[in-house]
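The values are calculated or read from the model by the stated rules, or taken from the named source; none is laboratory data. These numbers were taken from a predicted model, which means no experiment stands behind them. Positions of Cβ are generated from backbone atoms using ideal geometry, with glycine treated the same way; all protein chains shown enter the neighbour counts.
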Amino acid sequence: MKSAVMIAVLFLQAANLSLLQGQTKEAGRLGAAATAFQEIMDTPDSSVPVDLLERSECIVIIPSMKKGGFILGGRYGKGVVSCRQNEGKGAWGTPAMVALGGGSFGLQIGVAAVDVVMLVMHRDGVNSLLKNKFTMGGDVSAAAGPVGRAGAAETDAYLKAKILSYSRSRGVFAGLELKGAVLQQDRDGNQNLYGKPVGAKDLLMAAQEPVPNDAKPLIDVLTKYSPARNRKPL
């Protein structure tokens, strides 16, 4: 009897340790995403145009995307996505975990790691985020986004793209062509962060979960540069 109780206690301790490690890992991912975005926005002339950020429906941030490990010759990284609440009119909402891999990353050939930022500009792009996975340039139109203050003047040239993508490597921030890259839900990451299975739709659209403490620095930095929808979406 005592042996059975001891085994049960050890099992629970192992389960709790595993959950804690998972939460710590996701907390690190959220912190890295917040830091990467803040550093990108610290240089207005070489950053995501605020005009486009204000018009976006969602933002995806993949900090320190690595070469290889997913598709031979490609790249793979895990990140986070947050969408505006109240049908795209409100503040940034509860984040969901995502993974990005494969495809062509032309400007980043030979670079070991990059930060990737994607602005989802249309509701169709948001609907794609609710799927298990989708392909850039295939299922959803994507284009390299304009950079800096001048980007606001170029908005009309990007009206057709549902997603605008960027990358930062070695301090250089630029638009990024993500042809053939696959973005998919990270269900394990969501479970680790929220302590239970939860889908992207529940997080991004219904906001059924409160924003975790670990995600607040990211939401704060997004709100700093785009506090609320004050312009019509594209």
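Please tell me if M65 is at pLDDT 80 or above and surrounded by 13 or more Cβ atoms within 10 Å (Cβ to Cβ). Spelling it out, it is not the case that M65 is at pLDDT 80 or above and surrounded by 13 or more Cβ atoms within 10 Å (Cβ to Cβ). Remark: pairs (first residue in the stretch 27-44, touching a residue at least 40 places away in the same chain (Cβ under 8 Å) and more than 22 Å from Y194 (Cβ to Cβ); second residue among the small types (G, A, S) and in a helix (DSSP H, G or I); Cβ separation under 9 Å; 6+ apart in sequence or on different chains) = I40/S46.
Residue by residue, here is whether (1) modelled with pLDDT of 80 or more; (2) under 23 Å from W92 (Cα atoms); (3) over 15 Å from the mean Cα position of the chain (by Cα) holds:
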{"residue": "D139", "(1), (2), (3)": "no, no, yes"}
{"residue": "R149", "(1), (2), (3)": "no, yes, yes"}
{"residue": "E154", "(1), (2), (3)": "no, no, yes"}
{"residue": "A181", "(1), (2), (3)": "yes, no, no"}
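Does the stretch 192-213 include one or more residues that are of a type in the set (S, T, N, Q) and surrounded by 19 or more Cβ atoms within 10 Å (Cβ to Cβ)? Among the residues of the stretch 192-213, at least one is of a type in the set (S, T, N, Q) and surrounded by 19 or more Cβ atoms within 10 Å (Cβ to Cβ), which makes the answer yes. Name the single residue that is surrounded by the fewest Cβ atoms within 10 Å (Cβ to Cβ) among those in the stretch 127-144 being touching a residue at least 40 places away in the same chain (Cβ under 8 Å), of a type outside the set (D, E, K, R) and not in a helix (DSSP H, G or I). For the stretch 127-144, the residue satisfying everything is N132.
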